[in-house]
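One structure below.
Just so you know, all these numbers are worked out from the coordinates, no wet-lab data involved. Note that this is a predicted model, so its numbers are computed, not measured. So basically every Cβ, Gly included, is an ideal-geometry build from the backbone, and we count neighbours across all protein chains shown.
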Amino acid sequence: MKKNRALIVPFALWAFLFILVPLALIVWYGVTVEESVPYTEIAQADGSVAYRLEDGSVVAERPWQKRTVLSITNFKRMLEPTYLRLLARSLRVALVTTLVCLLLGYPVSLILTGRDFKHPALWLMLIILPMWMNFLLRTYSWMSILENSGILNSWLAGLREAAPAVDRLLNRMGIEDRVIFLYNEKAVVLGMVYNYLPFMIMPIYTVIEKIDRSLLEAAADLGANPVKSFVRVTLPYSIPGVLEGITMVFVPSVTTFVVSQLMGGGKVPLIGDIIQNQFGKSSDWHFGATLSLLVMVVVLAFMGTLNRVDKEDGEEVRIF
Amino acid sequence: MAKNNKKIVPIAIVCALIAVAAVAAFLLTRPSKEKETISVYNWGDYIDTACLDLFEQETGIEVIYEVFETNEDMYAKIAEGGSSYDVIIPSDYMVERMIEEQLLQKINWDNIPNIVNIDPRFLHEDYDPEAAYSVPYTWGTMGILYNTKRVTTPPTSWQTLLDPAYANDMLMLNSPRDTLGIALVMCGHDLNSTDPADLEDAKNLLLEQKPMVLAYVVDEVKDKMIAGEASVALVWSGDATFCMDESDDLDYVVPEEGSNIFYDSICIPANARNVSGAEKFIDFLCRADIAAMNYEYVGYAIPNTAAIELMGADEYNASPVNNPPQEVLDKCHVFKYLGDDTKLYDQIWTEIISDF
Amino acid sequence: MKKLRKAYIGLIMVFLYAPILLLVLYSFNDSRSRASWGGFTLRWYAELFRDRAILSALGTTLSIGLLAAAISTLLGTFGAIALFQMRRRPRRALLSVVNLPMLNSEVVTGVSLMLLYALLHVQLGYATLLLSHIAFCVPYVVLSVLPKLRQLDPHLSEAAQDLGATPMQGFLRVVLPDIMPGVFSGFVMALTMSIDDFLISFFTTGSGVSNLSITIYTMAKRGISPKINALSTIIFACVFFLLIGLNLQDLRKEARAKAKVESVRIPY
């Protein structure tokens with residue numbers, strides 16, 4: 001491809017205005033705090049109270065204005081065990097989610113791109129299609145399946161009634177009443193896997209689909225069995241897709257908030273929930289920005305490690 | 001490759017169609033310039049939209065209607081100054097904050113003749129002592145919603161939420177201010193206390209309760225209570241009304257120790273563009289038939305005496321949500337705007353829920 | 001083995017579609033609550049078409065989604081190509097910048113964009129909403145186009161130019177068809193993200209412009225109306241049948257092309 005340097009200009013401009021400038025604003029919020037304007041009360045001759053500001057001016061009403069000052073208070077607060085533990089848990093949940101997505105999603109991509117699989121594009125579309133239902137609605141729907149009063153539990157109750165043997169077995173297993181599926185970390189992982197699985201399947205599929213068939217045929221001709229040609233050809237070639245899939249699942253998993261609230265019943269708060277609260281009810285944007293910076297640094301470190309694995313954009317992935 | 005080439009054509013067509021549709025939609029959704037308009041910012045699903053149509057028919061003023069999810073979101077938008085609204089509906093403590101920060105303007109009562117419909121009992125509350133900036137739109141309390149099939153003796157006290165009989169069978173609110181506020185009341189402290197010792201008591205109480213809590217919920221509480229997911233829950237009265245409409249097994253009580261009472265009030269922001277239009281709209285909302293219509297739709301208790309009479313006071317007052325005993329109501333207080341101390345609540349709440 | 005593979009795909013489909021089916025079911029439920037079944041009804045569909053707030057939100061969602069997806073696909077594809085042509089170090093730097101928004105929680109992106117508009121004194125409304133959607137969609141397009149470019153044979157377009165094709169022709173005839181699946185999946189992804197987004201939209205819209213997600217989230221306060229389930233069902237059905245239709249057409253064409261090739265082959 002002939003290089004065309006002009007191409008980069010609009011893109012770089014866009015990246016500057018819509019990524020770097022907003023980011024700079026967040027950094028600014030992260031390193032500052034808001035404090036009330038200092039004032040001293042002065043008693044007036046008529047018995048009322050006036051307020052003197054720092055610049056010497058006197059006002060009749062109590063000053064409510066805030067001013068923004070540089071401060072590391074929020075960084076100190078961020079490093080308290082409460083928040084670090086929350087971060088650790090968020091990372092753990094995100095890693096488990098990513099791993100489950102990879103284990104579930106890779107075979108899907110592999111099967112869809114298999115030579116004897118008909119209409120793979122259609123199936124891929126079917127996999128993405130659920131995302132057209134609103135995220136919140138989908139999660140609510142999972143809740144009505146898994147709740148104590150949900151569909152699974154009512155089926156279980158029906159089964160017990162129909163088959164006393166099952167009832168006895170379950171009782172012996174210590175399950176006497178309904179099973180509590182929700183309100184724990186596993187439920188949160190389930191909800192996240194559900195929402196992010198297509199993000200893992202798509203990039204892997206795209207990459208495997210692109211592998212030159214003749215390579216696989218050549219491998220077969222050279223006597224490689226399917227397992228060997230998978231390990232030698234498909235797997236190394238699919239690495240860029242896998243890495244992209246990992247990124248696309250892991251990153252939103254670290255910052256997610258609705259799923260943990262709904263599926264975890266508020267008992268499995270993640271760092272994303274806390275950040276969300278700062279911009280919402282707690283109304284402390286400065287601390288929210290500080291926490292976001294922390295998460296960004298952690299995720300960037302993760303991506304950096306991943307990039308090293310990637311060996312500069314997968315150019316050096318060798319066959320055989 | 002040939003296959004891919006073919007795909008470009010339909011995609012190009014789709015893109016073109018899209019662009020046309022988008023431009024059309026854009027032009028259609030833009031308010032027409034000649035018409036007088038007012039811009040209303042309200043909670044989601046908090047008005048019968050038929051009222052908006054009626055207002056347009058009667059006055060010819062077009063309503064640009066937008067919704068928010070929390071007071072803080074609404075505040076951020078107003079304070080940031082990127083947008084301008086003529087009518088907003090914040091809650092009590094937010095009204096207090098916005099008055100203090102000079103974000104609201106005084107309402108000219110001469111232009112709101114229907115203000116006589118509002119029960120004076122609900123005016124001059126702490127958040128707007130002069131009753132100069134706000135008109136109460138709805139009000140409510142916090143209380144216990146319980147399943148009458150499983151809770152045989154009706155609860156009267158907040159102590160129900162500490163009863164081991166309901167272990168893994170109770171729902172709490174995932175909201176720092178509300179839940180800590182109730183915990184403060186349970187400890188016998190002031191609902192608005194910012195004394196660290198008081199808050200420490202409240203925190204310990206909630207930590208002690210935590211192993212018994214099935215979940216800390218927000219809006220999901222309604223579906224869960226209707227489905228019988230839990231036997232008792234800490235709820236806002238508006239949610240209680242919704243649940244009781246859906247299920248006969250549920251009842252609501254405001255415990256005798258007292259509780260939080262809240263108001264959502266109609267206000268005019270300081271930077272409103274069409275003040276006279278806003279006044280007409282507020283007056284319209286205070287009209288008995290319109291307030292009744294909104295009550296039927298929204299389900300929150302209303303301060304509009306004329307509307308209650310119109311609907312039949314007996315039926316309205318039969319609900320424990322609309323009509324808690326006066327002696328309990330006397331012990332209910334509004335949340336005050338806490339300024340920097342809001343952080344303290346948030347910190348404590350985070351410590352409670354992340355204790356694992 | 002083949003059956004096992006099909007069974008696996010089947011299981012994944014059950015996992016993905018169980019909650020969707022349930023939602024569709026709720027849209028016919030004659031009770032406002034998800035918790036109880038009140039019998040079959042179509043009244044939510046009837047009410048849906050009378051609710052002007054939901055309908056106008058739907059219009060906004062679709063127009064923003066399609067416009068944002070189209071524009072960000074354009075910007076993202078050319079951006080990816082430009083990135084691909086850069087030298088290693090600046091490319092890495094710029095690529096990291098592009099990926100930054102994906103590292104942020106949505107609320108942070110939303111708030112930071114709102115602060116940006118406040119800084120520039122732009123009135124919040126349709127335009128800011130569209131710009132914000134483009135902003136968060138572009139990285140997804142770049143991410144899906146880049147791997148395709150990496151797989152591209154660099155000699156192919158050089159060969160095309162050696163054979164006398166202009167760079168533009170080379171791009172249109174050689175590069176674009178090869179990366180088209182990536183471009184297309186970028187477009188679909190951008191559209192999907194835009195339609196699903198709530199937080200960024202919330203902070204960057206104003207002047208009465210509201211999309212479906214905002215309507216749904218703010219509704220959650222009083223219980224999500226089954227009208228929304230009805231609407232989701234309609235949208236889902238439309239997309240579903242559109243996709244099936246498009247794919248069937250493709251399949252038929254493919255079959256025809258195959259038949260042709262085979263008929264050509266026979267004489268040899």
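For C:Asp51, list long-range residues whose amide hydrogen, built 1.01 Å from N in the peptide plane, is under 5 Å from its own amide hydrogen.
none
Once you average over the residues of A:80-91, how many Cβ atoms of partner chains fall within 10 Å of each Cβ?
Mean partner shielding for this stretch: 2.
HN-Hα J couplings of region B:155-172 from phi, Karplus 6.51/-1.76/1.60, θ = phi - 60°, integer Hz, Gly and Pro as x?
After applying 6.51 cos²θ - 1.76 cosθ + 1.60, I find x, 10, 10, 5, 4, 3, 6, 10, 7, x, 4, 9, 4, 6, 9, 10, 10, 10 Hz.
So which helices of chain B fit the span-like rule, where a helix is a whole DSSP H run, its Cα atoms reach 20 Å or more along the axis, and its mean Kyte-Doolittle is at least -0.5?
Taking the DSSP H segments of chain B (at least 20 Å long, mean hydropathy at least -0.5), we get B:2-29.
If packing is taken as the mean number of other Cβ atoms within 10 Å per residue, what is the order of A:244-250, B:55-61, highest first?
A:244-250, B:55-61
Could you work out, for chain A, what percent of all Cα-Cα pairs fall into each 10 Å distance bin, beginning at 0 Å and stopping at the bin that holds the largest distance?
5, 17, 22, 22, 16, 10, 5, 3, 1, 0, 0
Check which residues have an amide H placed less than 5 Å from A:Thr32's amide H, if you skip close sequence neighbours.
Counting only residues 5 or more places away or on other chains, the set is A:Ser71.
Per residue of C:13-26, what is the mean number of Cβ atoms on other protein chains within 10 angstrom of that residue's Cβ?
For peptide C:13-26, the averaged partner shielding equals 5.
Per-residue mean of other chain beta-carbon atoms within 10 angstrom of the beta-carbon, peptide B:45-55?
Average per residue, whole number: 2.
Which ³J(HN,Hα) values, rounded to whole Hz and listed in residue order, are derived for region C:58-70 from phi using the Karplus coefficients 6.51, -1.76 and 1.60 in 6.51 cos²θ - 1.76 cosθ + 1.60 with θ = phi - 60°, glycine and proline given as x?
Result, ordered by residue: 4, x, 4, 4, 5, 5, 5, x, 5, 4, 4, 5, 5 Hz.
Nothing charged except the Cβ atoms of Lys and Arg (+1) and of Asp and Glu (-1): what's the magnitude of the dipole of chain B about its Cα centre? Round to the nearest 20 debye.
In debye, rounded to 20, chain B gives about 1720.
Helix A:185-210: angle to the longest alpha-carbon principal axis of chain A, degrees 0 to 90, nearest 10?
Approximately 60 degrees, to the nearest 10.
Report, in whole Å, the centroid distance computed from the Cα atoms of region B:154-217 and region B:293-319.
A separation of 31 Å, based on Cα centres.
Ranked highest first by average number of other Cβ atoms within 10 Å, how do B:342-353, C:235-246 line up?
Ranked from most to least packed, the peptides come out as B:342-353, C:235-246.
On C-alpha positions alone, give me the angle between the axis of helix A:21-30 and the longest principal axis of chain A, in degrees, nearest 10.
Around 60 degrees separate the two axes.
Based solely on its DSSP helices, what 222 nm [θ] is calculated for the protein assembly as shown when runs of n ≥ 4 H residues each add -39,500 (n - 2.57) and the sum is averaged over all residues, nearest 500 deg cm²/dmol?
Mean residue ellipticity at 222 nm (helix-derived): -19000 deg cm²/dmol.
Once you have the Kirkwood Rh of region C:55-224 from its Cα pairs, apply Stokes-Einstein at 4 °C and 1.567 mPa s and quote D in µm²/s.
75
In whole Å, how far is the Cα centre of region A:252-286 from that of region C:148-204?
Each part reduced to its Cα centre gives a spacing of 35 Å.
For region B:74-153 and region A:40-106, what is the centre-to-centre distance using only Cα atoms, to the nearest Å?
After rounding, the separation between the Cα centres reads 26 Å.
Checking the table B:Lys35/C:Lys227; A:Lys186/B:Lys210; A:Lys210/C:Lys3 against a 21 Å threshold on Cα-Cα, which pairs fail?
Exceeds cut-off: B:Lys35/C:Lys227; A:Lys210/C:Lys3.
So what J values fall out for region C:192-208 if you push phi through Karplus, 6.51 cos²θ - 1.76 cosθ + 1.60 with θ = phi - 60°, rounded to Hz, Gly and Pro as x?
Whole-Hz 3J(HN,Hα) from phi for region C:192-208: 4, 4, 5, 5, 8, 6, 10, 5, 5, 4, 4, 7, 10, 10, x, 6, x.
Can you tell me the order of B:137-146, B:94-103 when each peptide is scored by its average per-residue count of other Cβ atoms within 10 angstrom, highest first?
Peptide ranking by packing, descending: B:137-146, B:94-103.
How much of the DSSP bridge set in the protein assembly as shown is antiparallel, in percent, rounded to the nearest 5?
Restricted to the protein assembly as shown, the bridges split so that about 70 percent are antiparallel.
What is the set of long-range amide H partners of B:Asn42 at a cut-off below 5 Å, with H atoms built 1.01 Å from backbone N?
HN-HN under 5 Å from B:Asn42: B:Glu66, B:Val67, B:Phe68.
Considering the alpha-carbon set of the protein assembly as shown alone, what are its Rg and its Dmax in angstrom?
For the protein assembly as shown, the Cα radius of gyration and maximum Cα-Cα distance read 29.6, 114 Å.
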